[in-house]
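The values are calculated or read from the model by the stated rules, or taken from the named source; none is laboratory data. Only a predicted model underlies this, so the values are computations on that prediction, with no experimental measurement involved. Methodologically, a virtual Cβ is constructed for each residue, glycine included, from the backbone with ideal geometry; neighbour enumeration extends over all protein chains shown. Just so you know, the surface numbers come from the protein's heavy atoms only, side chains and all, with ligands and any DNA or RNA stripped out. Shrake-Rupley method; radii C 1.70, N 1.55, O 1.52, S 1.80 Å.
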Amino acid sequence: MSTPHQATAGGPLRHRDFRHLLSGAAASQVGAQVTLVALPLVAVLELDAPAFQVALLTAAETAAFLLVGLPAGAWVDRMRKLPVLIRADVIRAVAMASIPFAAVAGFLTMAQLYAVALITGVATVFFDVSHQSYLPQLLPKEQLVAGNGALETVRSSAQVAGPGLGGGLVQLLGAHLALSLIH
């Protein structure tokens, strides 16, 4: 039988499931930050969208937080968290993957970009809510602060590095291919 000190020695990184959550969160957060830069650039560079349409696209990316943020929290409280996290990331990846396919095929439209922005926004809301609720299931109470600190470090790092990475990928690969690479 382990003592409480033994169970907490090594911090949250000692827990395999937390390491998986942290690495998944890192990939997800970087992808979301790159998308915030690359998606409007797809509209401008691929579709020659005017400023107003790009502004609407940017608003569509974050509208889900306003529209479904509170109900998502209530729904997620009644669900298993890990399947919600996985489904949200799969939905985001499939939606984003549709952009390079449509661009290469010559069928990319602003309507599709708006739909992708809304779909990924809703999936992001569910991911974020589940993500916050899942941590207490993974770690003992005395490691929650350290676990939250690690997750916030990942989030903050992604917010700093993600836009620059997105701009670099767009410059290197083109806007639509940058989106396919990060999702």
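Remarks
- Tensor-based shape of the chain (alpha-carbon gyration tensor, a/c under 1.5 rounded, otherwise prolate or oblate): prolate
- Between F65 and T153, the C-beta separation translates, for a Förster distance of 35 Å, into a calculated FRET efficiency of about 0.95.
- For the options L47, L108, L139, a Gaussian network treatment of the chain with springs between C-alpha atoms closer than 10 Å singles out L47 as fluctuating the most.
- Between region 138-183 and region 67-137, the alpha-carbon centres lie 16 Å apart.
- Its DSSP H runs of at least 4 residues, each contributing -39,500 (n - 2.57), put the calculated 222 nm mean residue ellipticity of the chain at -30000 deg cm²/dmol, to the nearest 500.
- For region 63-146: rounded, prolate or oblate by the Cα gyration tensor [a/c cutoff 1.5]: prolate
- Normalised by the number of residues in the chain, the average gap of Cα pairs under 8 Å and 6 or more apart makes the relative contact order 42 percent.
- Estimated inter-spin distance, Q171 and F107, nm [label 7 Å along Cα→Cβ]: 3.4
- Ligands, DNA and RNA left out, the 1.4 Å accessible surface of the chain is 67% carbon and sulfur atoms.
- Average accessible surface for region 28-125: 51 Å² per residue, computed with a 1.4 Å probe over protein heavy atoms with every protein chain in place.
- Result for the chain in a Gaussian network model with C-alpha springs under 10 Å: among L173, L85, L151, the largest mean-square fluctuation is at L173.
- Simple point charges give the picture: +1 on the Cβ of Lys and Arg, -1 on the Cβ of Asp and Glu, and for the chain a dipole about the Cα centre of about 580 debye.
- Computed label-point distance, nm, for sites D48 and L144 using a 7 Å Cα→Cβ extension: 5.6
- Principal-axis tilt of helix 110-138 within the chain, Cα atoms, nearest 10 degrees: 0
- Max mean-square fluctuation residue, GNM over the chain, Cα-Cα springs under 10 Å, options V54, V116, V145: V145
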